[in-house]
Amino acid sequence: MDPNQPQNPAPQPAPQPGPAPDPSATATPPTTDNFYGTAPAPQPAPQPIPSPQPLYQQPPVAPPQAGQPAPAPFDPNYLDYIAAPPPKATFFSGSFGKIFFIMLTLLFFGVGIIVAMQGKDKTEDLQQIVVRIENMQKVVSEVKPNLKSNNLNNTTTDLTLWMANAQRDGEDLLKTAGVKRTQYNKKMIAAESAATTELTDKFEDARLNANLDRVFASTMAGETDKLKILLNQMSKKSQAAKIREFGKKAAENLAVYQKSFADFKDDGIN
């Protein structure tokens, strides 16, 4: 036997049957032939999983130039800064503001009424004087054509001119004070009207009895004296300087006519 030839191995016992092998576990990777022999085939490289992109991407920023400050970092909430903030509630907004302005309007309205009432109360004496002069003019204008005395006629004519001017000046002062004719004291107007009716009846009776001149002169002396007293009182107690001045001058001028009526002497028939 040639010693260089391999010896036959001793027979081995047959293997026992077992479970069928898993083809995937026993499969050999594919091979390739190359210069060095058989080698496993190269596997493809795994692809990287892309990372999620942010909602706001920072735009590319150019590198700062020499001598320039670096740009501020990108803020993804910049849209919140650009949007206008919601309006703030003011003190007068809503139902509270409406109630406030309503109360303010009522306050001014109430103050206006109080001031108007005070204005009328402070001018009641002037109101009475204006109304009395107006009524007296009506009475005198009705009686004058029936007077027979020249002196009495002249005095009556001068008194008529004075009354027209005094009534106009008094009404102007009341308008300045904000008192309208419709706001005059109603009770005072009624009382003055009743007094005027009495004078008219008195002078008509005197005319029918042929004694008008003397009755008219004596009665007008008393009426002008009463009016003079009212003017003097107003010139002292009124809070308005213009009303006090008006009362003082009117009383001085009226005193002349009052004396003329008081000193009347019948000088005969026209």
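Readers should treat all values here as calculations from the given coordinates under stated rules, not as data from a laboratory. Owing to the predicted nature of the structure, the values given are computational and were not obtained by experimental measurement. All Cβ positions, even for glycine, are placed from backbone atoms using ideal geometry, and neighbour counts span all protein chains on display.
Once you charge only the Cβ atoms, +1 for Lys and Arg and -1 for Asp and Glu, what is the size of the charge dipole of the stretch 119-262 about its Cα centre, to the nearest 20 debye?
Details: 24 positive and 19 negative charges, 96 e Å.
The calculated dipole for the stretch 119-262 is roughly 460 debye.
For the stretch 119-262, the calculated P(r) over all alpha carbon pairs, in 5 Å bins from 0 to the bin holding the longest distance, is 2, 10, 20, 22, 19, 13, 8, 4, 2, 0 percent. What is the Rg over Rh value, at two decimals, for the stretch 186-265, using alpha-carbon atoms and the Kirkwood definition of Rh? Taking Rg over the Kirkwood Rh, I get 1.07. Pairs of Cα atoms nearer than 8 Å and 6+ residues apart set the relative contact order; for the stretch 119-262 it is 33 percent. By the count of neighbouring beta-carbon atoms within 10 Å, fewest first, Met188, Met234 end up ordered Met188, Met234.
Remark: the stretch 123-180 projects, on average over all directions, an area of 3.9 nm² (convex hull of Cα atoms). Report note on the peptides 150-161, 197-208: ranked by the mean count of other C-beta atoms within 10 Å, highest first, their order is 150-161, 197-208. Close amide H contacts of Ser149 (hydrogens built in the peptide plane, cut-off under 5 Å, sequence separation of 5 or more or a different chain): none are found.
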